Amino acid sequence: MEFNDYQQLANRTLEGNEHVLTNLSLGIASETGEVIDLIKKYTFQGADLDKEQLQHEMGDVLWYLSQIALWADIDFDDVAKGNIKALEQKYPNVKR
């Protein structure tokens, strides 16, 4: 699936029209905390890494990111491409 396709499909579930960016920002912070909590429990508390739950929470983070980009009229594909370009510049000697 292309990121731009994901971005458009995910937008069907965005509700509300007031303070949308604030809602999205708070949501991504909350979902990121859930990812961190799963990793913390695995790393420091001896819990098994619940990969199914981790994937679910990562999907929630992805949804919020895609909707912030859509709100700002930024193609999600461009976000991904820009990140890869920045990583290539930051780590020029790392081979794929």
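Since only S25, L70, A86 are under comparison, the one whose Cα sits farthest along the positive direction of the charge dipole of the chain, derived from C-beta charges on Lys, Arg, Asp and Glu, is A86.
Once the Cα-Cα distance is subtracted from the 0.36 nm per residue extended length, the V20 to E34 segment shows a gain of 2.9 nm.
Where does each of M58, M1 land when they are ranked from fewest to most other beta-carbon atoms within 10 angstrom?
So the ranking, lowest neighbour count to highest, is M1, M58.
Any chance you could run the full-extension gain for D73 through L49? It's 0.36 nm times the residue separation minus the Cα-Cα distance, nm to one decimal. Intermediate results must be reported in sequence, preceding the final value.
Details: separation 24, 0.36 × 24 = 8.64 nm, distance 3.58 nm.
Length gained, D73 through L49: 5.1 nm.
By the count of other C-beta atoms within 10 Å, a proxy for reagent exposure, K41, K90, K95 are ordered fewest to most as K95, K90, K41. Working note: Karplus 6.51/-1.76/1.60 with θ = phi - 60° gives region 29-43 the couplings 5, 5, 5, 4, x, 5, 4, 4, 4, 4, 5, 4, 4, 5, 6 Hz, where Gly and Pro are set to x.
Counting alpha carbon pairs within less than 8 Å and at least 6 residues apart, what relative contact order, in whole percent, applies to the chain?
39
Just so you know, the Rg over Rh for region 26-96 is 1.09, from Cα atoms, with Rh as the Kirkwood radius.
Return the single residue from Q67, Q53, Q45 with maximal mean-square fluctuation; model: Gaussian network over the chain, springs between Cα atoms under 10 Å. Largest GNM mean-square fluctuation: Q45.
Here's the list of lysines a cross-link from K95 could span, going by alpha-carbon distance under 22 Å and ignoring same-chain residues fewer than 8 apart: K81, K85.
FYI, it's all coordinate maths here, none of it is from the lab. Being a predicted model, the structure only gives us computed values, none of them experimental. Cβ atoms come from the backbone with ideal geometry, glycine included; neighbour counts cover every protein chain shown.
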